[in-house]
Structures are given as C-alpha cells and as structure tokens.
1. Can you tell me which condition ALA86 does not meet? The list is (1) open to solvent by 10 Å² or more (accessible area, probe 1.4 Å); (2) within 25 Å of GLY420 (Cβ to Cβ), and all the others hold.
2. Return a yes/no flag: does region 254-267 have any residue that is touching a helix residue (DSSP H, G or I) at 6+ places or on another chain (Cβ under 9 Å), among the small types (Gly, Ala, Ser) and more than 22 Å from ASN84 (Cβ to Cβ).
3. Among the residues of region 290-303, is any out of contact with any Cys (no Cβ under 7 Å at 6 or more places or on another chain) and either of a type in the set (Lys, Arg) or not in a helix (DSSP H, G or I) (or both)?
4. Residue check: is ALA387 at pLDDT 75 or above, in the same structural domain as VAL282 (by the TED database) and touching a Lys or Arg at 6+ places or on another chain (Cβ under 6 Å)?
5. LEU340 fails exactly one of the following numbered conditions: (1) closer than 17 Å to LYS151 by Cα; (2) over 22 Å from the mean Cα position of the chain (by Cα); (3) in contact (Cβ under 8 Å) with a residue 60 or more places away in the chain. What is the number of that condition?
6. Which residue, of GLY287, GLY283, GLY318, GLY337, is in the same structural domain as ALA400 (by the TED database), within 20 Å of SER399 (Cα to Cα) and in contact with a Pro (Cβ under 6 Å, 6 or more places away or on another chain)?
7. Under 7 Å by Cβ, and 6 or more places apart or on different chains, what pairs join a residue from region 445-469 that is in the same structural domain as LEU310 (by the TED database) and at pLDDT below 75 with one that is open to solvent by less than 50 Å² (accessible area, probe 1.4 Å) and not aliphatic (A, V, I, L, M)?
Amino acid sequence: MTVSTADADAASAPPDPSPGGHPQRWLILAVICLAQLTVLLDNTILNVAVPSLAREMDASTAEIQWMISAYSLVQSGLLLTAGNAADRYGRKKMLVAGLALFGVGSVFASLAQGAGQLIAARAGMGIGGALLMTTTLAVVVQIFDEAERTKAIGLWGAVSSLGFAAGPLIGGALLEHFWWGSIFLINIPVALLGLIAVIWLVPESKDPVGDRPDLLGAVLSTIGMTGVVYAIIAGPDHGWTSIRVLLSAFVGVVVLTGFALWERHIPYPMLDMHFFRDRRFVGAVAGGILVAFGMGGSLFLLTQHLQFVLGYDALDAGLRTAPLALVIVALNLTGVGARLLPKLGTPLTIVGGMGLLAVGLALIAVLGADGYGGMLLGLVVMGAGIALAMPAMANAIMSAIPPEKAGVGAGVNGTLTEFGNGLGVAVLGAVLNSRFSSLLPAAAAGAGSLPAALAAARTPGDRAAVTDAFSSGLETSQLVGAAAVLAGGLLAALLLSRAERSSQEVPAA
C-alpha cells in the first residue's frame, strides 16, 4: 500500500478540527472496539478450557498456570513500552502490527501440539495484545473532540468490561461443540477484518516532536512490570513468602524504582515523571487501580461462590455473572455516564460510581449467601458503578496527559487496570484463604482449598462447617474489597477536586 505525501503529513497532524472530530469517527470506534474485545476475551477465555488442556496435552499444573499467565504477563509488562512506541512511530502502524501479531499467535495457539508450544504462542499473542490495548484508546483520543470524547471512552470501556466478563461464556459455548483450539481460531477472522478496516479507515497519528527512543527506559519498565505482575500472579499458588514470589517482587520494585529515577534525569523520557505532580493524574490513577481491584477481585470471588457454594457448573456460573457486563454496556451505550459527567463534574462522578461499586460488593457479601437473587442485585449495582467511574477516570488520565503522548497515557491506563485486577485477585483471595483456614473444623484443619477440606471432612456436620467457613471467608473478603473501593473513590475525588480548584485559581492570580 503506497503512502502519499498528504498521508505522510497527516501522520503528525492533530485530530480533525471539524465539529466532533474525524468524519468517520464512529465507524472507526466500532472497528477498534472489535479489536479490543478480541484482546480482552483472551484474558479469561482460556480458564474454561483448563480441563480439556490438562486431559488432551497431559499438562501439569505448572504448565496450565503458564498457559493462562503467559498472555497477561507479557501484555502487562509491555503496555508502557507499546504505548510509547505508538506515540513515537505511529498509532496506526502499531495497531496494524498488534492485529497481525495477535492473529498469527492465535493460529499457532490453535495448532499447538504441546504445552510449550501453546505457552510460546500465548506469549506472542500478549505482545499483540499490548499494542492493541494502548493504540485503541490513543486513537479514540485523537479522532474525537472534547465534547464527544467522554461518550467514546465510555463505549470503549463498556467493550472492555464485556470482553472481561464474556470470555468464560464464549469459551464454554465453543467447547461444548468444538475442540479446545476453537477458542483461538475464532480470533482469526476478527483479526483479518480488523486489519482491513484499520488500513482503510484509521488515520495515522504520532507525536510530531519525535524524541529519541528511550531504549533503557523500555527495558527497565518491561522487566519491572513483569516482575511485579508475576509476583501477584504466583503469590496465591506458591505462597507469598516463597523465594520465587519474594525475589520476583523485589526485582520488580527495584527495577521500577530505577526506571523512575532514569526517567527523571533524561531529556527524552518514555514516561514523564512530572505527570505525577498533576493531582488529576494521580487521583485518576489511584481510583483506576481500586476500581480494577474491586472488579477483578470480585469476579474471582464470585466464580468460586457460584461454583463451590451455590453448586453451578463453569458455564452456568459464567452466565450468572453476565448481568454485570450487560448493565455496563447498556448504560454506556445510552450515554448515561457521558451525560452525567459534565453535570456532576469528574470528582462527583467518580466518587458516585465507586460508591455504587462498593455498595454492590457489600450487597453480594450480605445477601449472596442466601442464593443468586441477592447476588443479582449486587451485580446490577456494581455494573452501574463501573459504568460511571471507569470512563470518567480514563478520561481524567487522558486529559492530564498531552495529546501527543496519548499512547503513553493509554499504556498507563492499561497498566493500572492489569495491576489492579491482579492485586484484587491476590489480596481478596488472601483474605478469603485466611478467614477460611481460621474457621475450618479440626477434621479439615490445614486444607488449602474448599475441595480438599470437603474431602477431609468425615461427617455431614464437618462438611457443613467447611462450607460455612468458605462462605464466611467470601463475605469477609468482599467487604474488604468494598471498603478499599470506597476509600479509593473518596481519595480520587479529593485529589481531583483540589486539582480543579487549583486550575481555576491560576487565571485569577
């Protein structure tokens, strides 16, 4: 495909100045949301295929864990680097590269003959996923003007939530009719369609300054994020005090500290540390981590609650978490959050959304033990809270960063979401396990999981006590999650309101 001089000039041009932004902006949004949906499905779609993979590949527990973790680990580690590359070399180019890598990785994953091949293919898909997650949001910022950007980011966020929740549903439906490789083959037509549409429709944009590449910064951020995320992923299985977890966390924190120091003392930083002096940015980052913390941790707990306490199988459990995603999609498609944001302001919108998320978690904790009806109410309230808070925080992050650094902003947003999800699973899972272990009857003392404890219980009374202990652990962990989300909402609102007051006082001075 040849590139004209006009196209080359457009690569560094600002967004279309016409009212609303680019004339084909809504069609372009549909294209990039389709790409985003495919990427996010693969964060959760493999979970339902674990029994098939263990049986057909004779995979060990460690190999299964790496099949699941390789994708999210590589993707998380590369988000900042991918965002920086998109700003520097062109967002359209990186979007095309991401779709191509994701599609090729999906082909190899579907044809894998062993655990090692599947792990490698999933890692390759993670590289493509990192490029897609950062460029999709960056393109949204470029093609929509300020008046419509909040609604567009809301729709982008709704698709993200739908992808996160729909993975087990789609995976379960495919596995009922096809072999395990079908969960990867479904990506290929979507990737091809996305490639054609991106090449045809999406305008090129990049940072016109074109700073020197920050190669050391890219290496440090990738190693540091990978170390921290691996520690979070491995902690629940290997123990938080195990050598591998402590060493990984230590290396990650030390390298990320080195990354921050390096970025402060070079003229062409990959991530400008001065962003963290902006209270809008810090408030949105803090709130974003805790919304992801509540959402990721609660879905992890809900799946166990539905299967182990209420007795649903994997597909039925996935279906019963669907109302959460459906409420988010419905509210964002109707533009509720986009209309409320200018009326309430960013601080009130965020604290209101996170307050609803906290109430939803508390409702599930208090009412969910009695059956699915109480849980359904909590899921609906949670969905309303996420639909309000997430787009407002993504918009706050992107507004606090110069438009020419939109890729880095998207990388920060994606990184904190991945980090918050992992942290939610790790922390709330640890609270659950601690409470569960402390309440186990003597016959099941020392059991590390509900199935193991039930197997060790000898009498109906002991088995009932084990189930009650697990339910109590779930309730406690969900209440802890609710408290953390509410505190995060108040902190984010405080920082954002102070930032707004400071910006209003500057002209008067």
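The values are calculated or read from the model by the stated rules, or taken from the named source; none is laboratory data. Computed from a prediction, not measured in an experiment: that's the story for all the values here. FYI the Cβ positions are ideal-geometry reconstructions off the backbone, even for glycines, and counts take in every protein chain you see. Just the protein is used for accessible areas: all its heavy atoms, side chains included, with ligands, DNA and RNA removed. Shrake-Rupley method; radii C 1.70, N 1.55, O 1.52, S 1.80 Å.
1. Of everything listed in (1) open to solvent by 10 Å² or more (accessible area, probe 1.4 Å); (2) within 25 Å of GLY420 (Cβ to Cβ), ALA86 misses just condition (1).
2. No: zero hits.
3. no
4. no
5. Unmet condition: (3).
6. None of the others qualify; the one that does is GLY337.
7. From residues that are in the same structural domain as LEU310 (by the TED database) and at pLDDT below 75, the pairs are LEU450/PHE470.
Residues are listed down the side, and each one gets a yes or a no for (1) of a type in the set (A, V, I, L, M, F, W, C); (2) farther than 12 Å from THR38 by Cα:
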{"site": "ALA166", "(1), (2)": "yes, no"}
{"site": "GLY172", "(1), (2)": "no, yes"}
{"site": "LEU175", "(1), (2)": "yes, yes"}
{"site": "SER182", "(1), (2)": "no, yes"}
{"site": "ILE186", "(1), (2)": "yes, no"}
{"site": "ILE196", "(1), (2)": "yes, yes"}
